[in-house]
Amino acid sequence: MAVKESRKNLKKGKDKKFVIAYLLTWLTGVLIFMVSKPSDKRLRFHALQATMLGIAITVLSFIPVIGWVLAFLLWLAGMVTGAMAYNGNDVSLPIIGGYSEKYA
């Protein structure tokens, strides 16, 4: 996971939208992506990353036992990513982070 310090968020203070985006993964990710301003690239990045993470979790949840464990671990990784984004650190998850940066 690559971590980048965001100076913009450090000036503005903490924003709960980052944590909310990862809470219900794809559902809240899509909602926040749709209502966020196109100029807010950081929020759109995290909303898109949460959406892609949610899709991966949904696919894994169809695989009994191992998929359930992996889906839960991915959800925990999303919660940690949301908490770090709340504190001003941008975390780009492997594979989906690159797509999120490209399309945010």
message: Please arrange D15, D90 by how many other C-beta atoms lie within 10 Å of their C-beta, fewest to most.
response: D15, D90
task: With 10 Å bins from zero, work out the P(r) of the chain over every alpha carbon pair and list the percent per bin.
output: 17, 51, 26, 6, 0
- prompt: In degrees from 0 to 90, rounded to the nearest 10, what is the angle of the helix 26-35 Cα long axis to the longest principal axis of the chain?
  reply: 30
task: Multiply the residue gap between L23 and D40 by 0.36 nm, knock off their C-alpha separation, and tell me the result in nm, one decimal place.
output: 4.2 nm
message: Quick check: pseudo-label points 7 Å beyond the Cα along Cα→Cβ at L31 and I63, how many nm apart are they?
response: 3.0
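Return the calculated 222 nm mean residue ellipticity for the chain, to the nearest 500 deg cm²/dmol, obtained by summing -39500 (n - 2.57) across DSSP H runs with n ≥ 4 and dividing by the residue count.
Helices in the chain give a 222 nm mean residue ellipticity of -21500 deg cm²/dmol.
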query: Measuring from label point to label point, each 7 Å out along Cα→Cβ, what is the Y99 to F72 span in nm?
result: 2.6
- request: For each of W26, W75, W68, count neighbouring Cβ atoms within 10 Å of the residue's Cβ, then give the residues from fewest to most.
  value: W68, W26, W75
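Every number here is computed from the coordinates shown, using simple stated rules; none is lab data. Computed from a predicted structure; not experimentally measured. Cβ sites come from the backbone with ideal geometry, for glycine too, and all protein chains shown count toward neighbours.
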